[in-house]
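Below you'll find the structure, written out as structure tokens, and then a few comments.
The values are calculated or read from the model by the stated rules, or taken from the named source; none is laboratory data. Remember, predicted model here, so these are calculated numbers, not experimental data. FYI the Cβ positions are ideal-geometry reconstructions off the backbone, even for glycines, and counts take in every protein chain you see. All accessible areas refer to the heavy atoms of the entire protein, side chains included, with ligands and DNA or RNA removed. Shrake-Rupley method; radii C 1.70, N 1.55, O 1.52, S 1.80 Å.
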Amino acid sequence: MSSNHPKAVTERSPQERRLDEKEARRDQSRTQQARSNHDTPDTDGETVQLKVFRYDPEVEGKKDPRFDDFHVPFSRGMTVLDALIHARDHYDSSLTFRHSCRQAICGSDALFINGRQRLGCKTQISDLDTPVRVEPLPHQDVVKDLVVDMEDFYEQMESVEPYFQPDELPRDDLEEQRQSRENREKIKKSTRCIWCASCVSSCNIAAGDNKYLGPAAIVKGYRFYMDEREGEEIAERRLNILEQEHGVWRCQTQFSCTTVCPKDIPITEEIQAMKREAVKENLKFW
Ligand code: FES
């Protein structure tokens, strides 16, 4: 009897072996997933208590600030924003707060959660003590519930001309505006700012001086001033804006802005760097 054909039939090709292994990995991951779902089901009757600040100056009976309690079904991976959305959609459609991207990019849901500025969409309920206290950002006027007036903040940001203004543009439309690796490293962290205003809200100086440029605008100034591609004239103009009476010198290096920044920007360090630039600019040698 020939011994050729059994070998050809039983041996798996490398391609088949890879597919088998892939299938085995998939089975394993399904089993693990099922186990973990069993351990912590999405909703197992557990609820989380939210104490949410409420205020509506336009509705009789709601003009006095108060806290409302919401008991929201807890699910694994739930963020404070998820819980607020659940409360609004299931219990009180008048509950008002800002949100958009739900992934810590747009900066619209900065809130004062358990006594600290945080992004609602980035804050896990499971990391917080309960009841979870949710308030609007301190030191800003409240428009309604958790929504604050951002007008002053945007004006401060605009005042440092937060956009790129090079002296020369590349000649060709497709040519890049090149930047050295070192320079990119220098400004990299400051480019992460998402205009959430957490830093400004945490700053005691900004709370007492509404003309103070504030940490976010200074960081924005740093981001463009330190960019080697910026034009000379605008760099000088921007430095003048930053070193004005209510600019960088107001900062008392309390580090609260750095502590609460959801993007881990070393804000205080960058404000100090701008102070050094201002000193260098004003040094005169006779
Ligand atoms: Fe955009 Fe949280 S919803 S940062």
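Between Leu146 and Thr96, the built amide H atoms are under 5 Å apart, and every one of these is 5 or more places off in sequence or on another chain. With 18 Å as the limit on Cα-Cα distance, the pairs of Lys186/Lys275; Lys189/Lys220; Lys189/Lys280; Lys211/Lys263; Lys122/Lys144 that go past it are Lys189/Lys280; Lys211/Lys263; Lys122/Lys144.
When the accessible area of the stretch 195-254 is computed with all protein chains present and a 1.4 Å probe, what percentage of it is carbon and sulfur? Using a 1.4 Å probe with all protein chains present, the stretch 195-254 comes out at 40 percent carbon and sulfur. Dividing the helix sum by the residues of the chain, where each DSSP H run of 4 or more adds -39500 (n - 2.57), gives a mean residue ellipticity at 222 nm of -12000 deg cm²/dmol.
Of the solvent-accessible surface of the stretch 46-128, computed with a 1.4 Å probe over protein heavy atoms with every protein chain present, carbon and sulfur atoms account for 45 percent. Answer rounded, prolate or oblate for the stretch 222-286, using the Cα gyration tensor with square roots of eigenvalues a ≥ b ≥ c: rounded when a/c is under 1.5, else prolate when a/b is larger than b/c, else oblate. The shape class here is oblate.
Given a 1.4 Å probe and the protein chains as shown, Thr79 ends up with an accessible area of around 10 Å². Using the alpha-carbon positions of the chain, Rg (one decimal) and Dmax (whole number) come out as 26.8, 107 Å.
The mean accessible area for residues of the stretch 225-286, using a 1.4 Å probe and ignoring ligands and nucleic acids, is 58 Å² per residue.
For the chain, leaving out every one of the GluC sites (Glu not before Pro) that falls in a DSSP loop and has at most 12 other Cβ atoms within 10 Å, the longest unbroken run is 61-167.
In the stretch 118-169, a dipole from Cβ-located charges (positive for Lys and Arg, negative for Asp and Glu) runs towards its positive end, and of Gln156, Ile125, Pro166 it is Ile125 whose Cα lies farthest in that direction. Within the full protein context, the accessible area of Asp173 is estimated at about 150 Å² for a probe radius of 1.4 Å. Between the stretch 212-277 and the stretch 85-113, the alpha-carbon centres lie 30 Å apart. Computed over neighbours whose Cβ is under 11 Å from that of Ile113, the net charge equals +1, Lys and Arg +1, Asp and Glu -1. Electrostatic tally near Leu95: other residues with Cβ closer than 14 Å to its Cβ, Lys and Arg +1, Asp and Glu -1, net -2.
In the elastic network of the chain, a GNM with C-alpha springs shorter than 10 Å, the most mobile of Arg98, Arg26, Arg192 is Arg26. For the set Thr31, Thr258, the ranking by accessible area, highest first and with no ligand, DNA or RNA atoms included, is Thr31, Thr258 under a 1.4 Å probe. In the chain, if the dipole is taken from +1 on Lys/Arg beta carbons and -1 on Asp/Glu beta carbons about the Cα centre, which of His246, Gly231, Ser180 is farthest to the positive end? Farthest towards the positive end: Ser180. Applying the Karplus relation 6.51 cos²θ - 1.76 cosθ + 1.60 with θ = phi - 60° to the stretch 247-263 yields 3J(HN,Hα) values of x, 4, 5, 6, 5, 10, 6, 8, 6, 5, 4, 5, 5, 8, 4, x, 10 Hz, where x marks Gly and Pro. Counting only heavy atoms of the protein chains and using a 1.4 Å probe, Lys275 has close to 20 Å² of accessible surface. Annotation: per residue accessible area for the stretch 74-167 equals 48 Å², rounded to a whole number [probe 1.4 Å, protein chains only]. 3J(HN,Hα) along the stretch 96-102: 10, 7, 9, 6, 8, 6, 6 Hz, from the Karplus curve 6.51 cos²θ - 1.76 cosθ + 1.60 with θ = phi - 60°, whole Hz, x for Gly and Pro.
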